[in-house]
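The values are calculated or read from the model by the stated rules, or taken from the named source; none is laboratory data. Quick caveat: nothing in here was measured; it's all calculated off a predicted structure. Methodologically, a virtual Cβ is constructed for each residue, glycine included, from the backbone with ideal geometry; neighbour enumeration extends over all protein chains shown.
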Amino acid sequence: MDLIKYGVKEKNIFIIPIAVRDDKTTPDVNESKWAENVNKPEVVEMIKKCTGIWFVGGDQTRITKVLFNKDGSNTLALNAIWSVYQNGGVIGEQVLVLL
């Protein structure tokens, strides 16, 4: 994992259960159901404890779409991410560059 390679301790890395589609490499977990977690208080509390948020690569429209409610308002998860950022946390995303 890139974060470990750059010095982040593995014990300080955890996955926030928010996703839009299923990861076929984890047959025992259907991550597509995680889209429902964006307004769950326990997930929001996980986010608020972070000092940084790292989005794995992929289609940014899917990533951003799940962070908004159907009416276009922010989810509780997005508000928590903004809070992390406003308190000095780092927000990043993996980008694939093909040369």
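When D23 is tested against the conditions (1) under 14 Å from I81 (Cα atoms); (2) assigned to a loop (DSSP other than H, G, I, E, B), the lone failure is (1).
The C-beta contact set for the stretch 1-15 (first residue free of Cβ contacts under 8 Å to residues at least 12 places away in the same chain, second residue surrounded by 10 or more Cβ atoms within 10 Å (Cβ to Cβ) and part of a helix (DSSP H, G or I), distance under 8 angstrom, 6+ apart or interchain) comprises E10/I4. Scanning the stretch 55-84 for residues that are without any contact (Cβ under 8 Å) to a residue 12 or more places away in the chain, not polar (S, T, N, Q) and not in a loop (DSSP other than H, G, I, E, B) turns up F68, W82.
Annotation: of all residues in the stretch 21-50 being within 25 Å of D2 (Cα to Cα) and basic (K, R), the one that is farthest from the chain's Cα centre (by Cα) is K24. The listed residues are I18, I13, I53, and the only one of them that is surrounded by 12 or more Cβ atoms within 10 Å (Cβ to Cβ), modelled with pLDDT of 85 or more, more than 11 Å from the chain's Cα centre (by Cα) and of a type in the set (A, V, I, L, M) turns out to be I13. Restricting the stretch 26-44 to residues that are in a helix (DSSP H, G or I) and acidic (D, E), the residue that is surrounded by the fewest Cβ atoms within 10 Å (Cβ to Cβ) is E42.
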